[in-house]
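Undergrad: Have a look at this one before I ask anything.
The values are calculated or read from the model by the stated rules, or taken from the named source; none is laboratory data. All figures in this text were calculated on a predicted structure; none of them were measured in a lab. Heads up, the Cβs are rebuilt from the backbone with ideal geometry, glycines too, and the neighbour counts pull from every protein chain shown.
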Amino acid sequence: MKKQINWLDILIRCKNNIQEQIKPLLKKLDQPQPNLGIGAGGDPIKQIDLAAESAIINTLREHEVSFTLISEESGIKKYGQTPNDNFVTTDPIDGTTNLVRGIPFYATSIAVSTKPTINTIHTALVTDLVHGITYTAQKGKGAYRNNQKITPSKTESLEDAVIGIDLNTYKIQKIAPKLTNLIQRTKHIRHLGANALELCYVADGTTDAFLDIRGKLRTTDMAAAWLIIKEASAKITTPKGKLLNVKLSPKQKVAFIATANQKIHKIMLSLVKPEKEMK
Ligand SMILES: [Mg+2]
């Protein structure tokens, strides 16, 4: 018989261990932060990324759970006797550039699923590592910020909305024209540099929408926030308004529009022109 695993408890222990392990490294940010290679997701790896990833792996192993790790840093790795029972998708540090530069906005993101697909995620955690704020969700049980239930905003007008847009792409000449109509009608655009956390901001009403139509974001970055958005009853779809159903893999890319509510979702969909759906 399979043993019952309290995944939420384990994920909280993972983030506690990360906070512990990175503490000494955060004190040394005035020293050079060399790249230690390229991670499975394609970004350079820093020592702090590896420390955070090790903290997750070590915590999971201490709990003697079998799992397949899907990580932005070391890619896909199997642990234990039945690694296909659980898939743990993580970006150990989302926003490493912010961290290294001293910009106080970075997070850890961990999601657990029964298959390597986004729609089988059942437990998720995103922690703002600067402010110690933890977002969690379990399928069917709502979304929480430091144990308080969260709901998204009721903002329905673009004029009032605070909207996050990730525009970091070499293909900006292709992407920008699709966003012109939206940007023209928006007063408050932000990009804070850690997409997992920016999605949680939509879930708890801090902002009203976040969109990333570059087709460049990895599923490892947004897997946990996907469940937090869903459980908070905010909306997240493809740029064409379809159900997001993607594989969980360090190489899998995703494009999406996440909004606080149906009304603002409809307005944004009508203004954004997607070229093609990302598979
Ligand atoms: Mg990262």
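Undergrad: Which one is nearest to the ligand (Cβ to nearest atom), of the residues in the range 72-84 that are farther than 17 Å from A107 by Cβ and touching a residue at least 40 places away in the same chain (Cβ under 8 Å)?
TA: Among them, the one singled out is G75.
Undergrad: Which one of these is touching a His at 6+ places or on another chain (Cβ under 9 Å) and within 16 Å of the ligand (Cβ to nearest atom): N195, N168?
TA: It is N168.
Undergrad: Taking strands (runs of 3 or more DSSP E) that fall entirely within the range 133-217, which contain at least 2 residues that are of a type in the set (A, V, I, L, M)?
TA: 133-138, 162-165
Undergrad: State yes or no: is V100 touching a residue at least 24 places away in the same chain (Cβ under 8 Å), within 16 Å of the ligand (Cβ to nearest atom) and surrounded by fewer than 20 Cβ atoms within 10 Å (Cβ to Cβ)?
TA: It is true that V100 is touching a residue at least 24 places away in the same chain (Cβ under 8 Å), within 16 Å of the ligand (Cβ to nearest atom) and surrounded by fewer than 20 Cβ atoms within 10 Å (Cβ to Cβ).
Undergrad: Identify all residues within the range 46-71 that are hydrophobic (A, V, I, L, M, F, W, C), within 11 Å of the ligand (Cβ to nearest atom) and surrounded by 21 or more Cβ atoms within 10 Å (Cβ to Cβ); write none if there are none.
TA: I48, A52
Undergrad: Give me the pairs, please: first residue somewhere in the range 242-262 and not assigned by TED's automatic domain parsing to the domain that holds T120 and part of a loop (DSSP other than H, G, I, E, B), second residue anywhere and modelled with pLDDT under 95 and surrounded by fewer than 17 Cβ atoms within 10 Å (Cβ to Cβ), beta-carbon distance under 6 Å, and either six or more positions apart or on two chains.
TA: Listed by first residue and then by second, the contacts come to P250/G75.
Undergrad: Within the range 201-211, does at least one residue satisfy the condition of being in contact (Cβ under 8 Å) with a residue 60 or more places away in the chain, touching a Pro at 6+ places or on another chain (Cβ under 9 Å) and among the acidic types (D, E)?
TA: Looking through the range 201-211, at least one residue is in contact (Cβ under 8 Å) with a residue 60 or more places away in the chain, touching a Pro at 6+ places or on another chain (Cβ under 9 Å) and among the acidic types (D, E).
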